[in-house]
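Presented below is the structure to which this report refers.
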Amino acid sequence: MLFGLNIKSRPGRERFPAKTVAFVTALIAIPPLIGFWGTFDFLKGYYASIYLAASIAWYLLGQLKFRCVSCPYYGKSCPRGLSKIAPLLFRAETGVSAFGVKVDKVFWPYWYAGVPAFGFLILLLTRFSWTTIIFAAAFAITFGVAWAVDRRYCCAECKCHTNCARAPFRDPGAGFKSC
């Protein structure tokens, strides 16, 4: 039981409760918002605005086009809630999942987490403030919680947990094949 969510560890789950989807989606959205507000002073807000716009674009369009269309949850309830949106914008199997996997490997560690961390570091070195430290700490904590929940409770329950680029249970020999 996590935060009142009844999530049991059964790989290959068919449906995910709406509470789980809402919780995971909100948890994934919080770190970029904190990163945006915390780094807004860097480069007159352009740095933070580009970061947030690119994060939203990849999460809502790139993920849908290059990952969700090849997923067995396409059109069904998935832990991130994107597979219900994907059929509204893209047909099934129209994405290049190998490209999506490669971009995922760059996006999540370097863009989603690295860009705000770099912005916080520059802000702390150029104009130190306690507000920046608080935002950096909040970002690190929420990113860590979001990462842990996503890996532990979403990936463990997903049908793709053995060959997804983001899953901790990934089979190293799986390559870039679709789930």
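Here are the numbers for this structure:
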{"quantity": "R152 vs. criteria modelled with pLDDT under 90 and of a type in the set (K, R)", "calculated": "yes"}
{"quantity": "Top-ranked residue in segment 117-133 [being assigned to a helix (DSSP H, G or I) and of a type in the set (F, W, Y); ranked as surrounded by the most Cβ atoms within 10 Å (Cβ to Cβ)]", "calculated": "F120"}
{"quantity": "Residue in segment 26-48 that is surrounded by fewer than 16 Cβ atoms within 10 Å (Cβ to Cβ), farther than 23 Å from A137 by Cβ and modelled with pLDDT under 90 present", "calculated": "no"}
{"quantity": "Matching residues, segment 18-65, being of a type outside the set (D, E, K, R) and on the phi > 0 side of the Ramachandran plot", "calculated": "L43, G45"}
{"quantity": "Residue tally, condition more than 22 Å from C154 (Cα to Cα), in contact (Cβ under 8 Å) with a residue 40 or more places away in the chain and either basic (K, R) or touching a strand residue (DSSP E or B) at 6+ places or on another chain (Cβ under 6 Å) (or both), over segment 76-127", "calculated": "1"}
{"quantity": "Residue list for segment 25-62, filter: part of a helix (DSSP H, G or I), polar (S, T, N, Q) and in contact (Cβ under 8 Å) with a residue 40 or more places away in the chain", "calculated": "T25, S55"}
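The values are calculated or read from the model by the stated rules, or taken from the named source; none is laboratory data. Remember, predicted model here, so these are calculated numbers, not experimental data. Every residue, glycine as well, gets a Cβ built from its backbone with ideal geometry; the counts of neighbours run over all protein chains shown.
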